[in-house]
Each structure stands twice: as structure tokens, then as C-alpha cells.
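A quick write-up on the structure given underneath.
The values are calculated or read from the model by the stated rules, or taken from the named source; none is laboratory data. Note that this is a predicted model, so its numbers are computed, not measured. Heads up, the Cβs are rebuilt from the backbone with ideal geometry, glycines too, and the neighbour counts pull from every protein chain shown. The area values use the complete protein model at the heavy-atom level, side chains included, leaving out ligands, DNA and RNA. Shrake-Rupley method; radii C 1.70, N 1.55, O 1.52, S 1.80 Å.
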Amino acid sequence: MRRDVILVIAAILAIALLVQPVSAAGPNIGADEGGEDPEPEPPAEYTVYGYVSNISDQEENVPLADVLVELLDADMEALSSTHTDGFGKFEFTYAADSGAAYLRFELTGYMVRTLPGTMDIVEDSSDRNIVSFDISRVHPDEDGKYALTGDGSSANAVGMALTEGTVYGTVRSSETGEGIEGATVIAQTPEGRQYTATTDAEGYFEMKLPYGSYILTASCNGFSSSEEVAASTSDGTPARLEISPNDFGIDFLGGLDMPHAMLALGMVLIGAVLLAVLLLIRKSRMPDSGIVVVDDISQYEEEDEIERP
């Protein structure tokens, strides 16, 4: 009896050993006929995202919101568009066969200055804000999306900088505080280039200028020139210039200062003298003018004889 039990157990173990290799060597689901795993199919669509930062006069990059970002195909036709949010982020989802190849970044007064390694400026385009992107340089994140840039405060974000800006403010009387109409405001660069504007009825002026820093001065007839005021296109605060009435301003000549008033009076005086001379000459030619012209030359013309020694 004991021998029969041992034989049964041995038979069961033998069967188990024969069955296990077959199961382990069973068919590999998903493998091809050659025994290798198949290549994963490419996705039907991609989601890419990135960030734009402001690098104008900043020690660190700052996320730039409200930038218009357009996704373009190989012919630079727009496929989709969006705006960056408060973190400077943009995102697109597009079909893999859409031909998406370029991005355009647009914000008034700004231009693309720096790019991450996944992007390049399109050299043959007149628009310097159009860039190409290469998704093959990027690995998808845990959500299956492709990050084309670093975040908005990173040096690897798309960096945009101001190319032009606005300088604005008022010109006021230092005595009354009222705005001065018709004052001339000069904005001068450190290199000496000048731009001008004229104030309106409220003394307000505004100038669109290339990005940079300027020195402002104001002048107006009847007033002395203002002191210099520093301004910048990236400042965003109004400039206030004050001018003082001249001590020698002459009201009846339109508030001209003394040098200009003297010049005007001199011109008037010269004109009056010339007019008086012309009138006197004309009157002397009239028979009944009563003006006697002494002819001292005719008496010498009648003396033809000349005594000779």
C-alpha cells in the first residue's frame, strides 16, 4: 500500500514537471513571428506646450502674458492660435499629419530675442517672430505631452523683449500747475538722437519711441526751458515737466521772451524806417510837394573851362 502511494505521488510530480515548461514556453501574446516586440504605433495627434518670458530690463525672466501664439504649417498658414496665460504658457493639440512646423509669437512692441534648443529662427522669413520647432528633440512627459520650452521664469523659455514703447506725460506751469498748450517736448537718446512732440490743450504729450532710455526737456514761448527729466520706454509712469514764465515776457507780443521780443521790435522798426523813406522819395517827386532839392552838382557841370598853368 505504501509503495502504491509513493508511485502515485511520483507520477503527479512527473506530470507537473512536464506541463510547466510548456506553459512557460507558451505563446508570447503581442510578439511577432520573429519573437520580437512590435514597434509602438505613432500617436494620431500631438500636444505641445511651452512658455514665453519677458527679458526686457529684467535681472530674471518674467512670464509674459497675452502673447498671441499661432501654430503654422509648412506653408506658414495658421492651423490654430491661442494666447499665453498669466504664467506665460501656451498649448496646442494637433493631428500628426497636419504638417505643423512653425510657431509665431506676436505682442505689440515685442520681438523674439532668445530661444530654447528645440526652436530656431526662420532665417528666410521677414518676420523675426516666426520660429521652427523640432518635436523629435523632446520626450513626452507623464501626461504624453511635449514640452518645447522651460517654464516662464527659465532661461529656456521663449524670450521676448521690447522693441518700442511709449513715453508720455505733461508739461505744466511751475507757478499755477496748469497744463501748457503748444509746448515742445524733446526726447534725446544718450547718443544724441532726438524726437519731438507738442502738448495738447491739457499739456499732455505722448511719443512712440524705440526701446530705450531718454532725457526729456520742454520749452515754450514766454517760458524758460524745463530741467532735464529721465524717462524710459519700459518705465510705464508719466513724466512731469515744469516750465516757469520768463521774467521779461511781453504779453502784447504773445508772451515772447526778451530776445525774441527785441528781434520782433527791431524788424518792425526797420520796416517803419524803410516805409518812411519810400514815402518821402515819392512825395519829393510831386510838383507841389513843397520839398526843395538842392542840386550842388549841376553848377560844376556848367563850368567847362579848366585853367591850366
Residue pairs within 9 Å by beta carbon, gap of at least six or interchain, first lying in the range 173-197 and within 14 Å of ARG240 (Cβ to Cβ), second part of a loop (DSSP other than H, G, I, E, B) and among the hydrophobic types (A, V, I, L, M, F, W, C), listed first then second, are SER173/ILE180; GLY179/ALA201; ILE180/CYS220; ALA183/CYS220
Evaluate the range 98-111: report whether one residue or more is among the polar types (S, T, N, Q), open to solvent by 50 Å² or more (accessible area, probe 1.4 Å) and at pLDDT below 90.
yes
Candidate set from the range 212-228 (those that are touching a residue at least 40 places away in the same chain (Cβ under 8 Å) and among the hydrophobic types (A, V, I, L, M, F, W, C)); member that is most open to solvent (accessible area, probe 1.4 Å):
PHE223
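Condition check ((1) of a type in the set (Asp, Glu); (2) on the phi > 0 side of the Ramachandran plot; (3) open to solvent by 30 Å² or more (accessible area, probe 1.4 Å)) across all residues:
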residue	(1), (2), (3)
THR149	no, no, no
GLY152	no, no, no
ALA157	no, no, no
VAL167	no, no, no
VAL171	no, no, no
GLU178	yes, no, yes
ILE186	no, no, yes
THR189	no, no, no
THR196	no, no, yes
Tell me which residues, restricted to the range 245-273, are assigned to a strand (DSSP E or B) and modelled with pLDDT of 80 or more.
PRO245
Looking at (1) outside any helix (DSSP H, G or I); (2) at pLDDT below 70, which is the only condition VAL52 fails?
(2)
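Can you tell me which residues in the range 233-244 are at pLDDT below 90 and surrounded by 17 or more Cβ atoms within 10 Å (Cβ to Cβ)?
Result: THR233, single match.
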Could you tell me whether THR118 is at negative phi and touching a Phe, Trp or Tyr at 6+ places or on another chain (Cβ under 6 Å)?
yes
Any pair with Cβ under 7 angstrom, 6 or more apart, that starts in the range 81-100 at a residue that is within 10 Å of ALA65 (Cα to Cα) and ends at one that is open to solvent by 60 Å² or more (accessible area, probe 1.4 Å) and among the basic types (Lys, Arg):
none
A careful count of residues in the range 53-83 that are β-branched (Val, Ile, Thr) and within 16 Å of ASP127 (Cβ to Cβ) gives 2
If we keep only residues of the range 133-142 that are touching a residue at least 12 places away in the same chain (Cβ under 8 Å) and open to solvent by 30 Å² or more (accessible area, probe 1.4 Å), then the residue nearest to the chain's Cα centre (by Cα) is ASP134
